[in-house]
């Protein structure tokens, strides 16, 4: 059974303050970021390895709420909040990875080799 961190149990402002401090520490220590994981979709040209390292600005406070829990579940790698599988069709509707990967904020979906890389 997973132990709930003490600062989560305290709740309220103290918990938020400590969570913020932990998030700042996470940005300074990439070794504390979640491990890379592989997305596999039914309609893609191959697997995609997702890395928090390439999605977190190390010099700034990591903004986890950009994706969590709005687009992806927090403690379930690759699981979308709405339960839909990760597909190009969903991303083309500006959902999931497509919320940012629109060719303006981040590399667009038309650059296949950016995400689908050969091992």
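Please treat every number below as a calculation from the coordinates, not as lab data. Being a predicted model, the structure only gives us computed values, none of them experimental. Here Cβ is always computed from backbone atoms with ideal geometry, including for glycine, and neighbour counts include all displayed protein chains.
Estimated at 0.36 nm per residue, the fully extended path between residue 35 and residue 116 surpasses their Cα-Cα distance by 27.3 nm.
Rounded to 0.05, the FRET efficiency of the residue 84 and residue 61 pair, given R0 = 25 Å and the Cβ-Cβ distance, is 0.25. With the cut-off at 1.5 for a/c, could you classify region 45-114 from its C-alpha gyration tensor as rounded, prolate or oblate? Oblate is the answer for region 45-114, as a/c is 1.5 or above yet b/c matches or exceeds a/b.
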